[in-house]
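Beneath this line is the structure, given in structure tokens, with notes to follow.
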Amino acid sequence: MTETELQKEWEALEERCKNCRKCALCETRTNVVFGSGDRTADIMFIGEAPGEKEDLSGTPFVGAAGKLLDKFLYQVDIDRERVFIANMLKCRPPKNRDPKEDEQDLCIEYLREQVRLIRPKIIVCLGRISAKRLIKEDFRITQEHGIFFEKNGYTICAVYHPAALLRDPRRKEDMLIDMQNIKKRLDELE
Ligand code: URA
């Protein structure tokens with residue numbers, strides 16, 4: 001694909017996503033949170049769904065969980081500008097409830113297209129929601145965080161969701177180790 005073709009595909013995808021009315025979340029959203037960052041990134045982080053700050057700003061991971069994610073990225077020397085960050089759902093579920101199965105079914109096509117266009121070397125699921133959907137249904141975050149899986153030609157792993165770390169800071173040690181290993185793997189793949 002030429003750069004121009006790629007650019008056109010991104011524009012069409014973003015347009016489609018921003019006008020999406022496939023599920024009821026379109027009624028309550030302020031903004032569609034399409035995803036942000038480097039569209040040529042080697043690494044992609046995938047969270048759950050936008051929260052209040054993300055809904056208001058249109059950008060993923062800008063609230064308290066995002067600030068904590070930024071800290072970990074900084075600690076392991078991964079530049080946020082050079083990653084792409086997206087969510088399973090592009091619109092905020094009311095009161096930040098968990099995404100429903102049917103909402104994920106309808107929304108996942110946007111994420112699949114983003115992955116296809118970026119072709120990252122590593123995909124990192126932030127938390128169990130994206131891990132269950134993208135790695136395997138019976139994924140257990142407490143037991144399988146930080147493990148690398150190979151799926152559909154992609155290297156993929158999951159780490160604790162930063163919001164879970166805010167609730168239970170004892171898990172931050174594990175998070176740092178996982179992030180260090182991800183950075184190491186990324187350097188090896190470069
Ligand atoms: N939590 C998520 O999973 N995604 C965001 O964008 C913000 C908080």
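For beta carbons closer than 8 Å, sequence separation of 6+ or different chains, a first residue in the range 173-190 that is closer than 13 Å to I78 by Cβ and of a type in the set (K, R) and a second that is at pLDDT 95 or above and outside any helix (DSSP H, G or I), the qualifying pairs are K183/V76; K183/D77; K183/I78; R185/I122; R185/F148; R185/T155.
Listed by first and then second residue, the pairs with beta-carbon distance under 6 Å, at least 6 apart or on different chains, first residue in the range 15-33 and farther than 13 Å from Y110 by Cα, second open to solvent by 40 Å² or more (accessible area, probe 1.4 Å) and part of a loop (DSSP other than H, G, I, E, B), are R29/R92. Step by step: first the residues of the range 87-96, then only those that are modelled with pLDDT of 95 or more and either within 9 Å of the ligand (Cβ to nearest atom) or not in a helix (DSSP H, G or I) (or both), then the one that is farthest from K22 (Cα to Cα). Which residue is that? Per the criteria, the residue is N87. Figure legend. Inter-residue proximity from the range 57-73: first residues acidic (D, E), second residues more than 10 Å from the ligand (Cβ to nearest atom), beta-carbon distance below 8 Å, spacing 6+ or different chains. Indicated pairs: D70/R80. Has the range 114-129 got at least one residue that is more than 13 Å from the chain's Cα centre (by Cα), in a helix (DSSP H, G or I) and either within 10 Å of the ligand (Cβ to nearest atom) or within 25 Å of C23 (Cα to Cα) (or both)? So far as the range 114-129 goes, yes, one or more of its residues are more than 13 Å from the chain's Cα centre (by Cα), in a helix (DSSP H, G or I) and either within 10 Å of the ligand (Cβ to nearest atom) or within 25 Å of C23 (Cα to Cα) (or both).
Residue count for the range 138-188 under the criterion of being assigned to a helix (DSSP H, G or I), in contact with an Asp or Glu (Cβ under 7 Å, 6 or more places away or on another chain) and open to solvent by 20 Å² or more (accessible area, probe 1.4 Å): the result is 1. Scanning the range 141-190 for residues that are among the aliphatic types (A, V, I, L, M) and within 16 Å of the ligand (Cβ to nearest atom) gives I141, A158, V159, A163, A164, L165, L166, M175.
Picking from residues in the range 27-36 that are in a loop (DSSP other than H, G, I, E, B) and not basic (K, R), the one that is nearest to the ligand (Cβ to nearest atom) is V33. Which residues, taken from the range 37-86, are away from the ligand (no atom under 11 Å from the Cβ), farther than 25 Å from E109 by Cα and open to solvent by 40 Å² or more (accessible area, probe 1.4 Å)? Correct list: D70, K71, Y74, Q75, D77, D79.
The number of residues in the range 8-18 that are of a type outside the set (D, E) and either within 12 Å of the ligand (Cβ to nearest atom) or open to solvent by 30 Å² or more (accessible area, probe 1.4 Å) (or both) comes to 4.
Quick check: is even one residue across the range 93-101 open to solvent by less than 10 Å² (accessible area, probe 1.4 Å) and more than 28 Å from I177 (Cβ to Cβ)? I'd like the intermediate steps shown before the answer.
Filtering the range 93-101 for residues open to solvent by less than 10 Å² (accessible area, probe 1.4 Å) gives 93.
So of that shortlist, the ones also more than 28 Å from I177 (Cβ to Cβ) come out as 93.
Yes.
Do we have V83 as over 14 Å from the mean Cα position of the chain (by Cα), closer than 22 Å to Q180 by Cα and of a type in the set (A, V, I, L, M) here? Taking the combined requirement at face value, the residue does not satisfy it.
Residues of the range 19-26 include none that is assigned to a helix (DSSP H, G or I) and open to solvent by 80 Å² or more (accessible area, probe 1.4 Å).
The values are calculated or read from the model by the stated rules, or taken from the named source; none is laboratory data. If you're wondering where the values come from, they're calculated on a predicted model, not measured in any experiment. Neighbour counts run over all protein chains shown; Cβ positions are idealised from the backbone, glycine included. Surface accessibility is based on the protein's heavy atoms, side chains included, excluding ligands, DNA and RNA. Shrake-Rupley method; radii C 1.70, N 1.55, O 1.52, S 1.80 Å.
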